[in-house]
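My questions all concern the structure below.
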Amino acid sequence: MDSANPLGEYLRARRALVTPEDAGLPVSGRRRVVGLRREEVAILAGVSTDYYTRLEQGRERSPSAQVVEALARALNLDGDAADHLHRLTRPGPERGRAGTRPEPVGEALLRMMAGWHRTPAVVLGRRLNVLADNPLGRALFAGHTYSGDLLRLVFLDPDARAFYPDWERAASNAVAALRSAAGSGHDDPQLVRTVGELSLRSPEFRRLWARHDIRRKTRETKRFRHPLVGELTLDYESLTVNSAPGQQLVVYQAAPGSASEQALILLGSLTADDPAQHPDDPARHPTPSETASSDEG
């Protein structure tokens, strides 16, 4: 996990991703740093080099909103990334050990999902683990070692690159969404263990985590190569569950009349008689065996 100086970690990581050319600065001579130098960020943000250095080192933790906005511009941060920078400089009250609290999914939401017979839907927790799904959502991700944990599915599952034809994009978005959903993560011991495990087992995860990309899971078109029905191109919309902060309802749809719509219909018919796909509750929580890998960290 990151150090106890999340603001400094974030500034250093984002500084390394901006080149002088990106920032419109002249380049001369040999450079020994990747990205911008501290003094270059300070010039772009209109602050002294000493002040910016104190921010990175954690000796100054409360810059003004104007300084934060100037730093966001200097580092080419977009909306989500700039919002995260503001949160790091204005931390809220401690929320307690969030990782130790259960994340129950409301019965009304489960019933609503169960009624979507042609629409895959899953409810994700803060660590992108599947808290609940409907039958078609279950069928969409079924058959993998980590079907109940989308983060581990991307980085640790042996079938991940076949299942996600655009794997690099899926991986980058997953890590950025994890950082966005988790915030600093210092109050979530399970997140710390998850990041530690993935950093050790996946060089790709380690590389992407070090970038400090921040991107909320909102909407996107995603391609899948399903073992039963082949290629699927689905649009998803991610909705926050206001009754359960931290949970996301992700709903997938195929374009009307498309081959992917027909493939979804076929997938539903192929799994309709599978008892494993239809337990007593048609929209349900994953079983303990499905979430064991996520809980054990």
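Where a number appears in this text, it was derived from the coordinates with a stated rule and is not lab data. Model, not experiment: these values are computed from the prediction. Quick reminder, even Gly has a Cβ in these numbers, built from the backbone with ideal geometry, and neighbours come from all protein chains shown.
On full extension of the chain, what length is gained from residue 200 through residue 239, given 0.36 nm per residue of separation minus the C-alpha to C-alpha distance? Provide the component values of the computation, followed by the final result.
Numbers: separation 39, 0.36 × 39 = 14.04 nm, distance 3.15 nm.
In short, 10.9 nm is gained.
List 209, 116 from most exposed to least, where exposure is judged by having the fewest other Cβ atoms within 10 Å. Kindly include the intermediate steps, with their values, before the conclusion.
On the way: 209 20, 116 17.
Neighbour counts put them in this order, fewest first: 116, 209.
Run the numbers for residue 221 and residue 61: contour at 0.36 nm per residue of separation, minus the present Cα-Cα distance, in nm. Before the final figure, lay out each step's value.
Working: separation 160, 0.36 × 160 = 57.60 nm, distance 3.86 nm.
That works out to 53.7 nm of additional length.
Still on this model: In whole Hz and in residue order, list the ³J(HN,Hα) couplings for region 207-213 that follow from phi through the Karplus curve 6.51 cos²θ - 1.76 cosθ + 1.60, θ = phi - 60°; x for Gly and Pro.
Ordered by residue, 3J(HN,Hα) equals 5, 6, 4, 5, 6, 6, 5 Hz.
Largest first and to the nearest Å, give the Cα extent of region 103-296 along each principal axis.
42, 34, 28
Search the structure for amide H atoms under 5 Å from the amide H of residue 226, placed 1.01 Å from N in the peptide plane, and list their residues when 5 or more places away or on another chain.
Long-range HN contacts for residue 226: 231, 232.
On the first, second and third principal axes, largest extent first, how far apart are the outermost C-alpha atoms of region 129-231 in Å?
So the three principal-axis extents are 40, 26, 26 Å.
Above 21 Å lies some portion of the pair distances; for region 29-179, what is it as a whole percent of all C-alpha pairs?
Values: 7134 of 11325 pairs.
Here the long-distance tail beyond 21 Å is 63 percent of all Cα pairs in region 29-179.
Still on this model: Mind giving me the FRET efficiency for residue 258 and residue 78? R0 is 45 Å, r the Cβ-Cβ distance, nearest 0.05 is fine. Mind dumping the intermediate values first?
On the way: r = 31 Å, r/R0 = 0.68.
Efficiency, from the Cβ-Cβ distance: 0.90.
Evaluate the distance, in nm, between pseudo-label points positioned 7 Å from the Cα of residue 31 and of residue 69 along their respective Cα→Cβ axes.
For residue 31 paired with residue 69, the spin-label model returns 2.8 nm.
Continuing with this model, one more query. In which sequence would 27, 123 go, from the one with the fewest C-beta neighbours within 10 Å to the one with the most?
Details: 27 8, 123 26.
Ranking 27, 123 by Cβ neighbours within 10 Å, fewest first, gives 27, 123.
Compute and list, largest first, the equivalent-ellipsoid semi-axes of region 6-89 from the alpha carbon gyration tensor, each √(5λ) rounded to a whole angstrom.
Working: eigenvalues 80, 38, 26 Å².
The answer is 20, 14, 11 Å, longest axis first.
Suppose R0 equals 41 Å; then what is the FRET efficiency for residue 166 and residue 49 from their Cβ-Cβ distance, rounded to the nearest 0.05? Please report the intermediate quantities before stating the final value.
Numbers: r = 41 Å, r/R0 = 1.00.
According to the calculation, E is roughly 0.50.
So how do 84, 144 line up by other beta-carbon neighbours within 10 Å, fewest first? Let's see the in-between values first.
On the way: 84 23, 144 18.
Ascending number of Cβ neighbours within 10 Å: 144, 84.
Would you please calculate the Kirkwood hydrodynamic radius of region 196-265 over all C-alpha pairs and express it in Å, rounded to one decimal? Please list the in-between numbers first.
Values: mean 1/r = 0.0676 Å⁻¹.
One decimal place: 14.8 Å for the Kirkwood radius.
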